[in-house]
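Notes to accompany the following structure.
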Amino acid sequence: MTFRFKGTRPSRRQFLAGAATAGAGAVTAATAKAAGDPLITEPLYWAQGLGEGVDATPYGLPIEYESDVVRRNVEWLTADTISSINFTPIHALDGTITPQGCAFERHHSGAIDLPKEDYRLMINGLVDTPLVFTYGDLERFPRENHVYFCECAANSGMEWAGAQLNGAQFTHGMIHNMEYTGVPLRTLLEEAGYQTAGKWVYVEGADASSNGRSIPMEKALDDVLVAFKANGEALRMEHGYPVRLVVPGWEGNMWVKWLRRIEVSDAPVESREETSKYTDTLANGISRKWTWEMDAKSVITSPSPQSPILHGPGPLVITGLAWSGRGAIKRVDVSKDGGKTWETARLAKPGERMALSRFYLDTQWDGEEMLLQSRAMDETGYVQPTKTQLRDVRGLNSIYHNNGIQTWWVKSDGKAENVEVS
Amino acid sequence: MSKFHSITFASSIVALTLCGPLQAEKFGLGRAALPDEIAAWDLDVHPDGTGLPEGSGDVLTGEEVFAENCAWCHGDFAEGVDNWPKLAGGMGTLDHEDPLKTVGSYWPYLSTTWDYINRSMPFGNAQSLTPDEVYGIVAYILYSNDLVDEDFVLSRENLTQVEMPNANGFIIDDRKTTEAHFVTDPCMQDCKDKVEITMRARVLDVTPDTTE
């Protein structure tokens, strides 16, 4: 038995056009129309007919009106989309948890299709017993749940030499924040019996890029997670299904996807990803290596170039995200005048370690131009620097770890643009 | 399921009280990895040469293999094609605006080049090269960077002796000291006299189809 609404569903445009005619033709109206908003005074298809039944979409997707809230890439950044990056639509999200379906992707040789049954995880090197685990084995160890942000070290990297891309999604969207379920790496290392000579672990993925990074044993034993669920469900293919590493507060490249091997060793491998890439060249040509921690950072997600102010003067919610790889966010300040004066924003809830914080400044807009900035402060007392302060130390060629204060120039028509200020 | 592992499991309980923190409670999950399995996956090569297999290759052989497998992305002379990575050149540019970072100008260890090519290249057909081919290709990339002569032969024996130009170009993360001034009490009022826009976004239409 099926009940279905059989009538044609008018488009929103047709409906509003019809309403406008009805309004203008009030003089000739044979049928009296009630005064007021037709969305209220007229019977509407959703209030008369029937909606979709259950199971119409066994796994739900966002409604069509939200179809612009998607990941996007910037074609000219990379040679192809296989070794490439796209960006989370942070300008359109709220709260702190990033839905998996729009969380940014970064692959070095494409997202691979690795069935759970074919998954193997090896621990070898300086251990008493080199071991192989199946996916099922991992599910039998005690698990933990934690919310952490994952930020690509190259987030905002295009902006080192100056304002480039016009939108928070593109300047700051190489970040996502999820609740992970997994087994502490420590548990697996203990199971294999890691030896005291083991000062490092090398973690490696199963994809053709063999992305691998060396992590100091201290971190490996501290809070690193071998994760298989995110936001309550299996990881998505593009985020490393069935198992990825979670390295709280540290650069995204270390969060190895399709994790296949953990090798305990006495020295770092100095792999391509920790020498050629993910090293930060200073003005004098010397490069920093092992810059694992993500510095405290924040960005206003709305208003912003992709999320202009669509209303006039009066109440305005300014909102954004703040995070730190060194701990919890303590405070976020917002400036409307390019950094002359600051007011402290409201954190939606107390900051959590290595997780995104949402901030709000509930304010009144006078309709004048604004130079909007946000400035994060973490529990270590580190204050997000200006881009000038950063460049004074690091020069222009670092590519990675750009955590400078972002400025949006909001004009009196509510539109916003990515700018830099003195 | 391995007997070996369960023996370790049993003996570790005995060891538990004896040697402290490294011996935690075990679950007896997983099985022992077999030597052939470890050999198949444990391919990484360290700067001291640990992990390098036997073999050797000369520049000219390397050039042939490179021409066939690599040049259409990385260029005949490893100079790069279009947006694909350049593997040669850029010497002396690291302190310039837009430095050119290549195996020759930037990479501190030659082991990394061997390791990366062996495990990850060619793009789309990784792990298809023999050790000798990889030695030859690496020799050719060195040659393309003017670091060796054309009669050079690279082998397991001499790989760690090749000196890379930027070997001393790296320091360990020093943010704690050089950026200690970012730990501060931030200014709230009258933080600067005037504010001017110094630069606007270069790419305004980056969003493909902004919906209204």
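Odds and ends about this structure:
- Residue count for the range B:101-157 under the criterion of being buried (at least 24 other Cβ atoms within 10 Å of the Cβ), assigned to a loop (DSSP other than H, G, I, E, B) and either at pLDDT below 95 or in contact with a helix residue (DSSP H, G or I) (Cβ under 7 Å, 6 or more places away or on another chain) (or both): the result is 2.
- For the range A:168-182, the criterion of a residue being open to solvent by less than 10 Å² (accessible area, probe 1.4 Å) and over 18 Å from the mean Cα position of the chain (by Cα) is satisfied by at least one position.
- Selection within the range A:79-128 - in a loop (DSSP other than H, G, I, E, B), hydroxyl-bearing (Ser, Thr, Tyr) and either in contact (Cβ under 8 Å) with a residue 60 or more places away in the chain or crowded, with 16+ Cβ neighbours inside 10 Å (or both): A:Ser83, A:Thr88, A:Thr96, A:Thr98, A:Ser109, A:Tyr119
- Checking the range A:307-316 against the condition returns no match, with no residue being at negative phi and crowded, with 24+ Cβ neighbours inside 10 Å.
- Among the numbered conditions (1) surrounded by 15 or more Cβ atoms within 10 Å (Cβ to Cβ); (2) part of a loop (DSSP other than H, G, I, E, B); (3) within 11 Å of chain A (Cβ to nearest Cβ), the only one that B:Ala88 does not meet is (3).
- The range A:200-210, subset out of contact with any Leu (no Cβ under 9 Å at 6 or more places or on another chain) and within 19 Å of A:Glu293 (Cα to Cα), residue most open to solvent (accessible area, probe 1.4 Å): A:Trp200
- Considering the conditions (1) part of a loop (DSSP other than H, G, I, E, B); (2) crowded, with 18+ Cβ neighbours inside 10 Å, A:Val334 is excluded by exactly one of them, (1).
- A:His146 passes every criterion in (1) part of a helix (DSSP H, G or I); (2) surrounded by fewer than 22 Cβ atoms within 10 Å (Cβ to Cβ) apart from (1).
- Subset of the range B:34-62 that is part of a helix (DSSP H, G or I) and among the aliphatic types (A, V, I, L, M) - its residue that is farthest from A:Ser271 (Cα to Cα): B:Leu60
- Of the strands (runs of 3 or more DSSP E) lying entirely inside the range A:234-304, those containing at least 1 residues that are surrounded by fewer than 22 Cβ atoms within 10 Å (Cβ to Cβ) and within 8 Å of another protein chain (Cβ to nearest Cβ) are A:259-265, A:287-289.
- B:Glu196 within 13 Å of another protein chain (Cβ to nearest Cβ) and either in contact (Cβ under 8 Å) with a residue 60 or more places away in the chain or not aromatic (Phe, Trp, Tyr) (or both): yes
- Residues of the range A:160-197 that turn out to be farther than 30 Å from A:Gln406 by Cβ and not in a helix (DSSP H, G or I), as a count: 9
- Some residue of the range A:265-285 being in contact (Cβ under 8 Å) with a residue 40 or more places away in the chain and basic (Lys, Arg): no
- Selection within the range B:116-151 - farther than 16 Å from B:Leu52 by Cβ and more than 14 Å from chain A (Cβ to nearest Cβ): B:Tyr140, B:Tyr143, B:Ser144, B:Asp146, B:Leu147, B:Val148, B:Asp149, B:Glu150, B:Asp151
The values are calculated or read from the model by the stated rules, or taken from the named source; none is laboratory data. Computed from a predicted structure; not experimentally measured. No Cβ is skipped: glycine too gets one built from the backbone with ideal geometry, and neighbour counts run over all protein chains shown. The area values use the complete protein model at the heavy-atom level, side chains included, leaving out ligands, DNA and RNA. Shrake-Rupley method; radii C 1.70, N 1.55, O 1.52, S 1.80 Å.
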